[in-house]
Amino acid sequence: MYEVRFHGRGGQGAVMAAQTFADAAVRAGHHAQAFPYFGAERRGAPVQAFARIDSRKIRLHSQVSEPDLIVVLDASLFELEPVTEGLRKGGRLAVNTPMRPEELEIGEGAEALTAVADATAIALETLKVPIVNTAMLGVMCRVQDLVPIDAITEAVQERFGGKLGALAGTANALSARRAYDVAAVGTARGRQRFARAKEWRPAWNEIPAGTSLPSSSVEGVEIGPGSARTNLTGEWRWSSPFYKKEKCIRCLRCWWSCPDAAIDRLDDDYMRWNFDYCKGCGICADICPVDAIDMIKGVHRWE
């Protein structure tokens, strides 16, 4: 049995990638399954999805803990969670990054044959949005040979075309093919120990009943409605707001409209962005009546 674990952020399409990979595997003559794992849906928060391929009917339905292949849709996740944990000896990686495999830091002690490509740039070029799932399907074909790229592009064309229209199907298939063509393959090694977030593993009687309870802490881990603070979603953005304070009329429209409460209102009613959580959606810039906010490409942090 061949097992794959996808690591991404909400909105990048990790679940759709796993489903499409399983669809392509069936087209290539295999049995396959795919399913997701995530908590409360939140754009930019870490999510996982899983896929299995076998020559026989698959009866195992647990999460994948010892994958043969790990697909990482956002390289910043290496610093947030133990992405390579459980990777089997001889296992492989596919990573969205502009770096070479030899430059990539995958966590202390880890080593794997790795395919890399700047899937975000490819997605922006082919799809005009930073949704990297189909590009990463092309990248992973460079380090696995069970499912060929032709089966991938066929599955992408049909699945995305059926949901979004023929034009979208063609664009996504092009994204996968282009990433496959430009992906670089080499060995990535881990030299740095990443800090791991402390996990709260509750007994049944410790689980909060919901948002009716106040935010609290158990063994240093936030639980209840305040727990979203532990998911630093800001590193996912591909554009950042630049605030021109001298033009601001303090109407507070950006503050009211931010979907992630990433804008702080200062005592004098001027604004300050919390770039740990700002995902660069651009709503603040769109709604500003005096053009006091510019969206600048890239991950930036301004005071």
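Odds and ends about this structure:
- The range 237-297 - Rg over Rh from alpha carbon coordinates, Kirkwood radius: 0.91
- The alpha-carbon positions of the chain define a convex hull whose volume is 160 Å³ per residue.
- Listed residue pairs exceeding 22 Å between alpha carbons, taken from Lys245/Lys279; Lys244/Lys297; Lys57/Lys89; Lys245/Lys297: Lys57/Lys89
- Under 23 Å from Lys163, Cα to Cα: lysines that are on another chain or at least 8 residues apart: Lys128
- Distance from the range 1-26 to the range 63-112 (C-alpha centre basis), Å: 15 Å
- Per-residue 3J(HN,Hα) values for the range 137-154, derived from phi via the Karplus relation 6.51 cos²θ - 1.76 cosθ + 1.60 with θ = phi - 60°, read 5, x, 5, 5, 5, 7, 10, 9, 10, 6, 10, x, 4, 5, 5, 4, 5, 5 Hz in sequence order (x marks Gly and Pro).
- Bins of 10 Å, starting at 0 and running to the largest distance - Cα pair percent for the range 43-151: 13, 45, 34, 8, 0
- Note on the chain: with a GNM built from Cα contacts shorter than 10 Å, the maximum mean-square fluctuation among Glu108, Glu235, Glu158 falls on Glu108.
- For Ile296, residues with placed amide H under 5 Å, excluding near neighbours: Ser240, Phe242
- Where the alpha-carbon atoms of the range 120-180 are placed on the principal axes, they occupy 29, 24, 12 Å, in descending order.
- Listed residues Ile70, Ile263, Ile131, most fluctuating in the chain (Gaussian network, C-alpha, under 10 Å): Ile263
- In order along the range 67-84, the Karplus-derived 3J(HN,Hα) couplings, from 6.51 cos²θ - 1.76 cosθ + 1.60 at θ = phi - 60°, round to x, 7, 9, 10, 10, 10, 7, 8, 5, 5, 5, 4, 8, 9, 8, x, 4, 8 Hz, and Gly and Pro are given as x.
- For the chain, the 222 nm mean residue ellipticity estimated from helices alone, with every DSSP H stretch of n ≥ 4 adding -39500 (n - 2.57) and the total spread over all residues, rounds to -7000 deg cm²/dmol.
- Within the listed set Ala32, Ala176, Ala94, the Gaussian network model of the chain (springs between alpha-carbon atoms below 10 Å) gives the highest mean-square fluctuation for Ala32.
- In terms of surrounding Cβ atoms within a 10 Å radius of their Cβ, Tyr270, Tyr180, Tyr2 rank from fewest to most as Tyr270, Tyr2, Tyr180.
Since every read-out is calculated from the coordinates, none of them should be taken as a lab result. Note that the structure is predicted; figures quoted are calculated from it, not measured. Glycine gets a Cβ as well: all are built from the backbone with ideal geometry, and neighbour counts include every protein chain shown.
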